[in-house]
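Report on one structure; see the data block that follows.
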Amino acid sequence: MTRPLSILTVNTSDRAGGAERIAWLLYQGYRERGHHSALAVGVKTTTDPNVIEIGSPPERPPWASTMFQLRDWLAPHAGRAHKLSRAVFWLDALGRGRRAFEQKLGLESFHFPISRRLLQLLPLPPDVLHLHNLHGNYFDLRVLPDLGRAAPIIITMHDAWLLSGHCAHSLDCTRWRTGCGHCPDLTLPPTVPRDLTAWNWQRKKNIFARSQLFVATPSRGLMNKVEQSILRPAIVQARVIPYGIDLHLFYPADKQRARAALGLEPDKIFLLASGNRVKHNRWKDYASMRRAVEIVTAQRPEQPLVFLLLGQPGASEWIGQTEIRPVGIEQDLTRIAQYYQASDVFLHAAHWDTFPNTVLEAMACGAPVVASAVGGIPEQVRDGETGFLVPHQDAEQMAARVRALLDNPEQAAAFGQEAVQVAQREYDLARQTNDYLEWMQEIVASRSRSQTSAARPPLQSSDLRTSNG
């Protein structure tokens, strides 16, 4: 019988989307299974009482609350209280100014002193810290060694920022293996204005050299990078734990009924792409998708096409008789699922993607996928079984695969059915949550045994017993 754990999950924000959604669903899943679970975020957008904001601006250092209490105590002495308030204000301002100055130089600023209070956010110290994205201007990476001595740390990596001198994905660059510097693209998010990437990389390396971490990635591809990186010496254990999705929300449904619910035309062919502002997202390859749609339009002039862009605001544009229709940012997961259910083909061209939720959601809803063979996507899409993989930036091949599915509805339906089976078998959110909880129980039990062994006095001769058995 395993005991309930106290788990503090940490992420940039609690808003839905990408890594935030994964962290949110895991935090909720831990609670539903009877564990003491809270979520600490840099920016809080919900009213959930178990979500704690740790990085709200202006960020106050740990001593600030004591200073304000002292100010209130001195309130009857107005002059002294006013001077103390001004001192706290200027110290806050200096902290914010320091971060702005460092960022202007090209340094990744870690000056977020409140990160050191993570262990004090719960009534009792957490058994496990489950950290997600640590970039986003809210977390001090330098606290990892101290936090790891107090409680085991699991880091779920949603990108490769921890491995590099600034970028979340390095694309074709391999300088992250040897020290960064001479960065080929400072505009890759998180952007930096000057090339101090070698300094940033070395600082991370020094932090990891003093840390003990348990590291999870959703894809084997990202784990391969971790194993070649500065993070490797810090790793106590590492596991590949694929993302899971809520199969109660994402499931196959009648296509025409989904279209009616969304107000979509019943007699048109719908292609779908999904992503946060997909037209302008640096990691997505919208240009290849648009070109592929243009080619398909020219080759199939008899059938009207609509290319839906879920997550993209703006007005429609036309390529011949094909409409490219942005449908905006949608927060309602039921409606998101309906867009997958209503579509004939799901397109996902990318320059890099760790393990996109959108591909899993489309598969679970029965949409055949045509996607770039980059990052973790080949681990999701079974080429020729649940969809097609195409080379990076190959719009012509993407168009050919889309046309093959549109010209052969029976094959498209078979791909969709197989995709549903794969999603239900391998990408259930319950499976992902259980995988993490089982690992946490093992980690906590092993740590407890180690501490007990360290506290046990040396074995004496009187403790030895013989047995004739």
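The values are calculated or read from the model by the stated rules, or taken from the named source; none is laboratory data. Because the structure is predicted, anything quoted here is derived from the model rather than measured. Please note: Cβ atoms are built from the backbone with ideal geometry, for glycine as well, and neighbour counts cover all protein chains shown. These area figures cover heavy atoms from the full protein model, side chains too; ligands, DNA and RNA do not enter into them. Shrake-Rupley method; radii C 1.70, N 1.55, O 1.52, S 1.80 Å.
Points to keep in mind about this one:
- Close amide H partners of ILE245, meaning residues 5 or more places away or on another chain with modelled amide H under 5 Å apart, are ASP428, LEU429.
- Rg followed by Dmax, in Å, when segment 241-294 is reduced to its Cα trace: 14.8, 40
- Computed over segment 266-373, Cα set: Rg, Dmax in Å: 12.9, 37
- In this entry, segment 196-282 is assigned a mean projected area of 9.7 nm², taken as a quarter of its C-alpha convex hull surface.
- Amide H partners (placed H, <5 Å) of SER37, local residues excluded: ILE7
- Dipole-positive endmost among TYR339, SER274, PHE388 within the chain (Cβ charges, Cα centre): SER274
- Restricting the calculation to Cα atoms, segment 323-378 shows an Rg/Rh of 0.96 when the hydrodynamic-style radius is the Kirkwood one.
- Here the Karplus curve 6.51 cos²θ - 1.76 cosθ + 1.60, taken at θ = phi - 60°, turns the phi angles of segment 321-331 into couplings of 8, 8, 9, 9, 10, x, 10, x, 8, 10, 9 Hz, with x standing for Gly and Pro.
- The chain: projected area of the alpha-carbon convex hull, averaged over directions, in nm²: 31.0
- Accessible surface of the chain, 1.4 Å probe: 52 percent of it comes from carbon and sulfur atoms.
- Distant-in-sequence amide contacts of PHE355, defined by a placed amide H-H separation under 5 Å and a gap of 5 or more residues or a different chain, comprise GLY376.
- Pairs over the 30 Å Cα-Cα cut-off, from the set LYS204/LYS279; LYS44/LYS255; LYS104/LYS205; LYS44/LYS268; LYS255/LYS284: LYS204/LYS279; LYS44/LYS255; LYS44/LYS268.
- On the beta carbon distance between ALA430 and ILE329, with R0 = 22 Å, the FRET formula returns roughly 0.20.
- Residue by residue, segment 261-274 carries 3J(HN,Hα) couplings of 5, 9, x, 8, 5, x, 10, 10, 8, 10, 9, 10, 10, 9 Hz when phi is fed to the Karplus relation 6.51 cos²θ - 1.76 cosθ + 1.60 (θ = phi - 60°); x denotes Gly or Pro.
- Alpha-carbon centroids, segment 201-242 and segment 250-289: separation in whole Å: 35
- Distribution of pairwise C-alpha distances over segment 195-235, 10 Å bins, in %: 29, 48, 23, 0
- The DSSP beta bridges internal to the chain are antiparallel in roughly 10% of cases.
- Net charge contributed by nearby residues that have their C-beta within less than 15 Å of GLY34 (K/R +1, D/E -1): 0
- Scalar couplings 3J(HN,Hα) for segment 340-352, obtained by applying the Karplus form with A = 6.51, B = -1.76, C = 1.60 to θ = phi - 60°, are 4, 5, 7, 8, 8, 8, 9, 9, 8, 9, 8, 7, 6 Hz; x denotes Gly and Pro.
- When every Cα-Cα distance of segment 150-258 is counted in 10 angstrom steps from zero, the calculated P(r) takes the values 14, 38, 26, 12, 8, 2 percent.
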